[in-house]
1. Using 23 Å as the Cα-Cα cut-off, could you pick out the over-long pairs in A:K202/A:K262; A:K32/A:K96; A:K32/A:K269?
2. Tell me the GluC sites (Glu not before Pro) within region A:1-98 that lie in a loop according to DSSP and have at most 16 other beta-carbon atoms within 10 Å.
3. As a test of understanding, state the convex hull volume per residue of chain A from its alpha carbons, in Å³.
4. What does the average come to when, for each residue of peptide A:106-116, you count the partner chain Cβ atoms lying within 10 Å of its Cβ?
5. For region B:284-330, what's the radius of gyration and Dmax over Cα atoms, in angstrom?
6. Do you know the relative contact order of chain B, to the nearest whole percent, from alpha carbon pairs under 8 angstrom that are 6+ apart?
7. Using only the alpha carbons of region B:108-207, what is the convex hull's orientation-averaged projected area in square nanometres?
8. Dipole of chain B, Cα-centred, from +1 at each Lys and Arg C-beta and -1 at each Asp and Glu C-beta, to the nearest 20 debye?
Amino acid sequence: MTGATMDKPHLTRAHARELLHQMQRIRSFEEKCAELYTQEKIRGFLHLYIGQEAVAVGVMQALEPRDGIVATYREHGHALARGLDMGRVMAEMYGKQEGSSRGRGGSMHIFDAAGRFYGGNAIVGGGLPIAVGLGLAERMRASGAVCVAFFGEGAAAEGEFHESLNLAALWRLPVLFVCENNLYAMGTALRLSESEPEIWRKAASYRIAAEAVNGMDVVAVEAAARRAVHSLREGEGPFFIECRTYRFRAHSMFDAQLYRQKAEVEEWKKRCPIRMFGDWAIAAGLLHPDEIEAIGHEVEAEVAAAVRFAEAGTWEPVADLRRDVMTPGEAS
Amino acid sequence: MSEPGQQPTNGTATYRDAVRAGIRDALIRDPRCFLMGEDVGRYGGCYAVSKGLLDEFGPERIRDTPLSESGFVGAGIGAALGGMRPIVEVMTVNFSLLCLDQILNNAATIRHMSGGQFSIPVVIRMASGAGRQLAAQHSHSLEVWYAHIPGIRVLAPATLEDAQGMLWTAIVDPDPVVIFENVMLYNMTGSLPVEVRPVDIGRAAIRRSGTDLSIVTYGGSLWKCLAAAEALAEAGIDAEVIDLRTLRPLDDETIMASVRRTRRALLVDEGWRSGSLAAEIMARIVEQCFWSLDAPLARVCSEEVPIPYPKHLEDAALPQVPAIVEAARRTMGAK
Ligand SMILES: Cc1ncc(C[n+]2csc(CCOP(=O)(O)OP(=O)(O)O)c2C)c(N)n1
Ligand SMILES: [Mg+2]
C-alpha cells in the first residue's frame with residue numbers, strides 16, 4: 001500500500017468509511033455463509049471471496065447504475081458491493097424463492113436485472129464473451145455505459161478469454177476486464193499453468209491498456225478502476241486490470257488445500273485488505289477506532305437480518321418448476 | 001418450387017435469396033438488429049447468404065468477426081442481454097461445437113437460472129447437413145443436439161417461405177432461437193412472397209396429404225420424402241408428408257393427429273440413427289398413439305459412420321428416396 005495512491009482527493013472520511021463498510025459486509029456475510037454451510041442451510045458449491053474483498057469493492061466505486069457487470073461463481077462480494085440487498089442474496093444461498101434468482105441459481109448464480117448484474121457464471125471464462133456483447137450493445141447504442149467482467153486468473157488459459165480480449169480490442173468496446181489473480185485455480189498454481197504468469201501482459205499483447213495492481217489495497221484498486229472507466233467512457237477501447245490478490249479460504253467447501261502451505265496462507269493473511277485499510281485509515285486520521293467498531297455492529301445486524309429473511313423465506317412450489325424456461329406466453 | 005439440386009424452373013429466387021430477404025427485412029424494420037459472423041461482410045457469407053448486405057447496411061450492422069465461435073456467439077448473447085437483436089451466423093453446425101458452451105450454458109439457461117429476470121432475444125443461424133462431398137468434418141447433422149436443450153427454440157426451414165418468414169418470427173421471439181439451414185437447399189428455387197410475412201413457427205406443416213401412412217421429416221429430407229411419396233403414389237400408396245419446421249418444441253398435436261388417421265408412421269432424419277430426432281418422435285408416437293398403430297414404426301436415418309467423401313459412399317450414408325420408398329412399403333406390408 002503506497003502513500004501515493006492513498007492521497008487521492010476523493011478519499012474523504014465518508015468514503016473511507018464506505019470502503020471499509022462494504023468490505024466488512026462481504027467478510028461478515030461470507031463468514032456467516034461458511035457457518036451456515038456446516039449447518040447444511042447452504043448446500044452445493046460455496047466459493048468464498050474472503051481475502052479478495054478489496055477488488056470488488058474498489059472496482060465498484062468507479063461504476064454507475066447504468067453499467068453492466070458479469071462475474072463468476074465466486075460473486076457474493078460483487079453482488080453485495082453492487083448494492084444487491086443482502087437478504088435477497090442470503091435467501092438465494094438458501095435456495096428460497098425470495099432470493100435474487102428466485103432461489104434457482106444458488107451461490108454461484110446471483111442475478112439482478114435492476115442492478116444490471118448478469119450473473120454468477122460457473123463456467124470458467126464463460127462470462128467473458130457475454131461482457132463483450134454487453135459492451136458491444138453499449139457501443140452500438142452510444143449509451144456511454146460500460147461493462148465490467150470479473151474473472152479469476154484461471155480463465156486466462158481458456159480460449160474464451162483470448163477470443164474475448166481480441167474482440168473487445170478489435171472493436172474498441174467499453175469493457176473493463178478485471179482479473180482477480182489469487183494465484184490458484186482450484187489446486188493449480190498459476191506458475192504450473194501459465195507460460196506467461198503476468199496475466200496483464202496477455203491483455204497488452206492484444207493492444208489493450210493493461211496494468212497490474214495490488215489487489216489487497218482497496219484504494220489502489222479503486223484508483224485503477226477509476227482511471228480505466230474514465231478511459232472507457234472516453235471511447236478509448238477496453239481496459240484490463242490484473243488485481244494481485246489471494247483467497248484465504250479453500251477453493252470451495254470440499255477442498256482440503258493440499259496444494260499450498262499453511263505458512264503461505266498465513267503470510268498473505270497479514271495483508272488482509274480490511275485490516276490493512278482500517279489500520280491505515282486510523283493512522284491517517286480518517287477513521288476513529290470507535291467508528292470501525294460501529295461498522296462491525298452495523299454489519300453484524302445486517303447479516304443477522306439477512307439470515308432471518310432467508311430463514312423466513314419460502315420454497316418455490318414444485319408446480320413452478322418449468323416456469324421461465326421460455327418467456328411466458330411462448331410455447332416451451 | 002423445384003427440388004433441391006434441380007435446375008431452376010418456374011422459380012425466380014433461391015432459398016439463399018429467401019434467407020437474405022429475411023435478414024434484410026429484419027435489419028430494415030428493427031434498428032437493434034445486426035448480423036455478425038465469420039465472413040458475413042466482405043466475403044458475402046460462406047454460402048453467399050449475406051452477399052450485398054454490407055454495402056447496404058455498413059460494417060457496424062454487417063459485422064465480420066474473427067474465427068472465434070465462442071467469443072462472437074457469446075457476444076451475441078451479451079448484446080441481446082444488452083437490448084440488441086443480434087442475428088449471429090455460425091458458418092456451419094460443424095463449427096458450432098466450439099460455441100456449444102455459450103448456447104447451452106448461457107443462452108439456454110440464464111432465463112430460468114435467474115428466476116426469469118433476463119430474456120435473450122438472439123437468433124443463431126447455421127448451415128447443416130451433408131451431400132456436397134465435404135467429408136466427415138463438414139457434413140454433420142446435429143439438429144437433435146440442439147433440440148435436446150430446454151430454453152431455446154430450434155427451427156429448420158425447408159421452404160423459401162419459411163426460410164424468409166421464420167427469420168422475422170425468430171427476431172421478435174424474446175428467447176434464443178437456433179435456425180438450421182440445410183446446405184442442399186440453398187440453391188433450391190421458387191418464388192418469394194412480395195411482402196415478408198412472419199410465419200407461425202408453432203405448427204408442423206402437412207406438405208402432402210395422404211391416408212395410408214405418415215412420413216415425418218424436416219429440412220433437406222423433406223424434398224426426398226415428397227419425391228418418395230410420388231413414387232409410392234404410383235404404387236398405390238398414399239403417403240402424408242409432415243414437415244416438422246420447428247424441432248423444439250415439437251408439434252405433437254399435428255404429428256399425432258396424422259398418425260391416428262393413417263395408423264402408420266415413418267420417420268426420416270438425416271441425423272445418425274442412435275439418439276436421433278426420429279427416435280424421439282417414435283417414442284412420442286408410442287406414448288401417445290400406441291393403440292392407433294397398425295404397423296411397427298419405421299425410420300430412415302443416416303448410417304452411423306463419419307460421412308465419407310466419395311459420392312457413392314456419401315449417398316449410401318444418407319437417407320435417399322429409394323430407401324424411404326422401401327421403408328414405407330415395408331410399413332404398408334407390401335413387398
Ligand atoms: C470451463 C470450466 N472448466 C473447469 C471448471 C471447474 N472449476 C471451477 S473453478 C475452477 C478454478 C478457476 O480458477 P480461477 O479462474 O483462478 O478462479 P478462482 O476460483 O481462483 O476465483 C475450476 C477449474 C469450470 N467451472 N469451468
Ligand atoms: Mg484463481
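We did not get these values from a lab; they are worked out from the coordinates using the rules stated. The shown structure was predicted, so the numbers you read here are calculated from the model rather than taken from an experiment. A quick note on method: Cβ atoms are made from the backbone with ideal geometry, for glycine too, and the neighbour counts reach across all protein chains shown.
1. Over 23 Å apart, Cα to Cα: A:K202/A:K262.
2. Of the GluC sites (Glu not before Pro), the ones in loops of region A:1-98 whose Cβ has at most 16 other Cβ atoms within 10 Å are A:E40.
3. Convex hull volume per residue, Cα atoms: 142 Å³.
4. 3
5. Both quantities, over Cα of region B:284-330: 14.4, 44 Å.
6. Relative contact order here is 17 percent.
7. Dividing the Cα hull surface by four gives the mean projection, 7.7 nm².
8. With only Lys, Arg, Asp and Glu charged at Cβ, the dipole is about 220 debye.
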